[in-house]
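The values are calculated or read from the model by the stated rules, or taken from the named source; none is laboratory data. This is a predicted model, so every value here is computed, not measured. All Cβ positions, even for glycine, are placed from backbone atoms using ideal geometry, and neighbour counts span all protein chains on display. To get the accessible areas, we keep the full protein, side chains included, count just its heavy atoms, and leave off ligands, DNA and RNA. Shrake-Rupley method; radii C 1.70, N 1.55, O 1.52, S 1.80 Å.
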Amino acid sequence: MIEINGLSKTYKGTGLKALDSLCLSVNDGEIFGFLGPNGAGKSTAIKCITGILSFTEGSVKVGGVSLKDDPVAAKRQIGFVPDEHLLYEGLTGRQYIDFIADIFGVDKARRRELTEKYAAEFGLKERLDDVISDYSHGMKQKVAVIAALVHEPNVFILDEPMLGLDPKSAYILKKTMREYADSGKTVFFSSHMLEVVEKICDRVAIIDKGKLVTVCDMQELKEKRSDLSLEQLFLSLTGGEDVFGTEEV
């Protein structure tokens with residue numbers, strides 16, 4: 001569902017190479033975790049995948065569609081929740097969701113059905129017609145999630161989605177992500193909450209200094225190294241202590 005080949009990003013002026021020949025393949029029907037230390041290039045990669053940033057070299061395909069050759073068709077397959085809220089705060093929650101639904105040409109009956117469903121699940125139903133500027137951080141996050149899902153994208157991309165959510169809302173979001181992947185769609189998200197990633201992801205990629213360090217199948221990791229947590233693996237591969245001894249993961 002997502003194919004990334006030789007993706008590199010160098011920022012003009014600074015010469016900083018935020019991504020260095022990144023290659024990844026993400027399947028449909030899976031939750032894929034994207035991990036790395038601060039400054040590793042996670043957010044840059046996500047912004048390149050979603051078409052927010054241009055990239056210096058390489059290619060990105062979403063659902064087989066090249067982001068460079070047909071950016072509109074590629075982007076139409078994506079629902080994106082960024083790490084900071086970029087909402088029109090003068091609108092109500094419902095108006096903002098309708099605005100996104102209009103962009104993607106979602107049928108009015110279907111958008112209403114999905115909006116009501118997700119608003120009820122996230123406990124936002126009674127506040128949908130309030131102005132977004134009056135929302136808490138968590139409420140804004142919920143609206144961003146609903147807006148990203150209202151056109152039923154093939155690829156659901158989230159950057160640090162649990163930040164600011166109360167435990168119940170975080171649980172509902174994790175449940176929604178799992179159900180979405182189980183329906184055959186793709187969920188791709190970055191997070192610093194390694195315990196959450198370990199519990200819900202099917203596979204995980206770790207990057208450091210813009211380069212891919214490893215891609216790990218979580219089930220295989222549990223079966224092969226039941227004594228090794230994702231946190232230990234992450235720390236070992238990104239500059240922490242050696243936890244492997246003479247064995248390989």
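Of the accessible area of the chain, computed with a 1.4 Å probe over protein heavy atoms only, carbon and sulfur atoms account for 48 percent. Measuring against 27 Å, Cα to Cα, the residue pairs Lys68/Lys175; Lys75/Lys224; Lys68/Lys125; Lys47/Lys174 contain Lys68/Lys175; Lys75/Lys224; Lys68/Lys125 as the ones spanning a longer distance. What's the longest bit of the chain with no exposed trypsin sites (Lys or Arg not before Pro), using DSSP loop states and at most 14 other Cβ atoms within 10 Å as the test? Value returned for the longest uninterrupted segment is 69-249.
For Asp98, the shell of other residues with beta-carbons less than 11 Å away shows a net charge of +3, using +1 for Lys and Arg and -1 for Asp and Glu. For the range 142-249, the per residue solvent-accessible surface stands at 47 Å², with DNA, RNA and ligands left out and a 1.4 Å probe. What accessible area per residue, rounded to a whole number of Å², is obtained for the range 58-129 using a probe radius of 1.4 Å? Heavy-atom SASA per residue in the range 58-129 reads 55 Å². Within the listed set Tyr11, Tyr171, Tyr118, the residue fluctuating most in the Gaussian network model of the chain (springs between alpha-carbon atoms under 10 angstrom) is Tyr11.
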